[in-house]
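Everything below concerns the one structure shown next.
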Amino acid sequence: MKVRRPMLLPLTSLYAAALALKRRLFTWGWLKRSRLKSPVISVGSVSAGGAGKTPMVLMLARILRDRGYAVRILTRGYKRDSKVTTRVEPFDDARWHGDEPVLLAQRSGVPVYAGADRYEAGTMAEQGEPTQKQVVHLLDDGFQHRRLARDIDIVLLTQEDVEDTLLPAGNLREPLSAVTQADVVVLREEEADSLRGVVAGLSGGKGGPSIWVIRRQLSLGEGGEVGLPTMPFAFCGIARPENFTKMLAAQGYEAVETMAFEDHHAYVEADVVRLLQEARRVEANGFVTTEKDAVKLTPIMRDQLETIGPIVVARLSVELLDEKESLEQLVTMVGQLDRRRR
């Protein structure tokens, strides 16, 4: 078990007790769930970031959209400046709306609504542009958002989650046993063999959730007309920065050095100055970063960084190893979905 913050380990029991109490309050009906008119598919995890929820939401949005559904994405917009519930456009300010909502709006091709109250966001989505198609809501990072009723819970599980511990000493927002409450558990291809046994053990041999397996792919956007820099300086503000550098290395594209910021970091001028200084020190000839970080760079910041060289944006995408069977399971689980669209 990985204990990230040993001094806080005594507090994990208090955190666990608070989780259990909250769960009971919903079970007993003392805390109410609100239900939208259209079906809700939640994508979440037991960890506080880094499991790959955003690529999973993007993949499901594509699959459902291609099969004729009107997909709406509901997301919180963690660490965004705005406090209002609103629709997010691809050209919007990532600092105001949050990095993930803007990225989802840019990549998904479907309407995205951001707000702390996901029921309010869903209501706004259902009152938005009229459509004759079946509306389906994708609830981004929704496993812990129990106030909104959902038709299916999809939870991503990684090997790092299995080795972690509860907040605040670790990064788990839920005990591992919580995955048994999911309808579907999503595993990475390279971890699937070992984690199938973990899920079966947590389920106690009583069936448990369905298992989907995904393959992750990292693509490197061209760094301008001159192509990819040969000695890139990597930077990112994500929950698991080491995974970013490992995936770059797996692509045969190793950075000369990496600078990691906190998850959802909002870049300011001082960060750009620091990046430029460090890049010059190691004689880098460009930068590589994640999509989530790239959406937070202003045009002025980009211009400044490009004095060193091109900025390569690494795009992480996922695909289901058995998309047809997974979709059939999804449609079976969600009673409101039209089975003729498969």
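Here is how the numbers come out for the structure above:
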{"quantity": "Near pairs, Cβ below 6 angstrom, 6+ apart or cross-chain, from the range 94-117 (farther than 13 Å from residue 138 by Cα) to any residue that is among the charged types (D, E, K, R) and part of a helix (DSSP H, G or I)", "calculated": "99/292; 103/291; 103/292"}
{"quantity": "Filter result for the condition that a residue is among the hydroxyl-bearing types (Ser, Thr, Tyr), more than 14 Å from residue 173 (Cα to Cα) and modelled with pLDDT of 90 or more, over 47, 34", "calculated": "34"}
{"quantity": "Elements of type strands (runs of 3 or more DSSP E) in the range 1-108, at least 3 residues being closer than 29 Å to residue 298 by Cα and under 13 Å from the mean Cα position of the chain (by Cα)", "calculated": "70-75"}
{"quantity": "Only one of 185, 198 that is touching a Pro at 6+ places or on another chain (Cβ under 6 Å) and surrounded by 14 or more Cβ atoms within 10 Å (Cβ to Cβ)", "calculated": "185"}
{"quantity": "Filtered residue count, the range 136-183, keeping only those that are more than 15 Å from residue 43 (Cα to Cα), touching a residue at least 40 places away in the same chain (Cβ under 8 Å) and in contact with an Asp or Glu (Cβ under 6 Å, 6 or more places away or on another chain)", "calculated": "3"}
{"quantity": "Per-region count, the range 266-280, residues of a type in the set (A, V, I, L, M, F, W, C) and either without any contact (Cβ under 8 Å) to a residue 12 or more places away in the chain or loosely packed, with under 13 Cβ neighbours inside 10 Å (or both)", "calculated": "3"}
{"quantity": "Test: residue in the range 123-142 that is open to solvent by 10 Å² or more (accessible area, probe 1.4 Å), in a helix (DSSP H, G or I) and either under 21 Å from residue 294 (Cα atoms) or touching a His at 6+ places or on another chain (Cβ under 6 Å) (or both)", "calculated": "no"}
{"quantity": "Condition broken by residue 230, with the remaining ones in (1) open to solvent by 10 Å² or more (accessible area, probe 1.4 Å); (2) free of Cβ contacts under 8 Å to residues at least 40 places away in the same chain satisfied", "calculated": "(2)"}
{"quantity": "Flag if residue 140 is charged (D, E, K, R) and either under 18 Å from the mean Cα position of the chain (by Cα) or on the phi > 0 side of the Ramachandran plot (or both)", "calculated": "yes"}
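The values are calculated or read from the model by the stated rules, or taken from the named source; none is laboratory data. Here the structure is a predicted model, which is why all the values come from computation and not from measurement. With ideal geometry, Cβ positions are generated from the backbone for all residues, glycine too; neighbour counts draw on all protein chains shown. Just the protein is used for accessible areas: all its heavy atoms, side chains included, with ligands, DNA and RNA removed. Shrake-Rupley method; radii C 1.70, N 1.55, O 1.52, S 1.80 Å.
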